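Please treat every number below as a calculation from the coordinates, not as lab data. What you see is a predicted model; the values in this text were computed from it and never measured. Every residue, glycine among them, receives a Cβ derived from its backbone with ideal geometry; neighbour counts consider all protein chains shown.
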Amino acid sequence: MHQPLTPKTLSVGAEQLAKIDPDLGRLFLRLGTPPLWATLVQIIIWRLETSFDAETAAIASTD
């Protein structure tokens, strides 16, 4: 289930990404939750969803 992107969900998402990705973690520690991260987070989520959809379609076509 997707939640709308709000300042709170952006902050929570940025914190979670910072915990698992060292580069984003350094940026988060240095800059906090910049407003421009909203676009970056949306792009990452879109790419992950697109990859998942493509993989699901590829698996379904082999069945």
Discussion item. I need the helices of the chain that pass two filters: whole DSSP H segments spanning 15 Å or more by Cα along the axis, and mean Kyte-Doolittle score no lower than 0.0.
Written reply: 7-20, 37-62
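Can you tell me which of 40-47, 10-17, 54-61 comes out highest on packing, and rank the rest after it, using the mean Cβ neighbours within 10 Å? Each step should come with its number before you reach the end.
On the way: 40-47: 12.5, 10-17: 15.8, 54-61: 9.0.
Top to bottom by mean Cβ count within 10 Å: 10-17, 40-47, 54-61.
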Practice prompt. Just subtract the alpha-carbon distance of residue 52 and residue 31 from 0.36 nm times their residue separation and send over the number in nm, one decimal.
Written response: 4.5 nm
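Got a sec? How would 21, 53 order by Cβ neighbour count within 10 Å, fewest to most? Walk me through the intermediate numbers first.
Working: 21 13, 53 10.
By the 10 Å Cβ count, ascending: 53, 21.
As a check on your grasp of the helix formula, calculate [θ] at 222 nm for the chain: sum -39500 (n - 2.57) over DSSP H runs of n ≥ 4, divide by the residue count, round to the nearest 500. Please list the in-between numbers first.
Details: 3 runs with 50 residues, N = 63.
That comes out to -26500 deg cm²/dmol.
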Discussion item. Just to be sure I understand, if you calculate volume of the Cα convex hull per residue in Å³ for this structure, which of (1) 179; (2) 40; (3) 97 do you get?
Written reply: (3)
Item to complete: Evaluate the distance, in nm, between pseudo-label points positioned 7 Å from the Cα of residue 42 and of residue 19 along their respective Cα→Cβ axes.
Response: 2.6
